[in-house]
Amino acid sequence: MNKIFLIGMMGCGKTTVGKELAQVLGYTFIDSDSEIEKKSKMKISQIFLKYGEPYFRKLETDFLDSLPEKKIVVACGGGLPCFNDNINRIKRLGFVIYLEAAPALLFLRVAKLKDRPLISDLKQFKVLFNQRSGDYQAADVVIDASLTTKEILVQILLKTDSKIEK
């Protein structure tokens, strides 16, 4: 496989881990939310406000359909695998890693961020976590995201060694 997809709730470290993993493997790093913001010239929160969630979810699917044919690590937005059969799409395109952590820990990591359109309190966050966890569990590998970045990288490399191209 020459595409690695990192999935999980906001705050699990997809972008941080993804950048490091890409560097270690010599891959290109891509963040789906950043790419969508760049292409639409709008923040995710603005897209939600102006066009609604279904429109944003279509942009995520369009993003997947336009991925380059090269070695990449993709940090997927938290909801990307949960809509439009995207979990199966990314599984066909590459190797999928779920960075999993307890909802309370994830909420603490993102509670201070103001530009997250789908969170407002821990109770709502837990509901969202439970709605998405089934799709996340379909990943090829599950990694404990409560570990340090270095520990997560080691776990990923140990569990994917024979499955990814170097």
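Read the figures in this text as sums done on the coordinates, not as results from a lab. As the structure is a computational prediction, the values presented were derived from the model and not from experiment. Don't worry about glycine lacking a Cβ; one is built from the backbone with ideal geometry, like all the others, and counts go over all protein chains shown.
With the requirement that a residue be buried (at least 21 other Cβ atoms within 10 Å of the Cβ), closer than 27 Å to T148 by Cβ and in contact with a Leu (Cβ under 9 Å, 6 or more places away or on another chain), what does segment 53-78 give you?
Once the filter is applied, which keeps residues that are buried (at least 21 other Cβ atoms within 10 Å of the Cβ), closer than 27 Å to T148 by Cβ and in contact with a Leu (Cβ under 9 Å, 6 or more places away or on another chain), segment 53-78 yields V73, V74, A75, C76, G78.
If you take the residues of segment 30-51 that are of a type in the set (A, V, I, L, M) and not in a helix (DSSP H, G or I), which of them is surrounded by the most Cβ atoms within 10 Å (Cβ to Cβ)?
I30
When the residues of segment 1-29 are narrowed to those that are within 13 Å of the chain's Cα centre (by Cα) and on the phi > 0 side of the Ramachandran plot, which ends up surrounded by the most Cβ atoms within 10 Å (Cβ to Cβ)?
Among those that are within 13 Å of the chain's Cα centre (by Cα) and on the phi > 0 side of the Ramachandran plot, it is G8.
Output the residue which, of all residues in segment 119-146 that are assigned to a loop (DSSP other than H, G, I, E, B) and of a type in the set (S, T, Y), is farthest from K91 (Cα to Cα).
S120
Any residue that is of a type in the set (D, E, K, R) and in a loop (DSSP other than H, G, I, E, B) - is there at least one of those in segment 16-29?
Within segment 16-29 (the criterion being of a type in the set (D, E, K, R) and in a loop (DSSP other than H, G, I, E, B)), the answer is no, since none of the residues qualifies.
Mind checking which residues of segment 52-67 are in a helix (DSSP H, G or I), under 21 Å from N2 (Cβ atoms) and either in contact with a His (Cβ under 7 Å, 6 or more places away or on another chain) or aliphatic (A, V, I, L, M) (or both)?
L64
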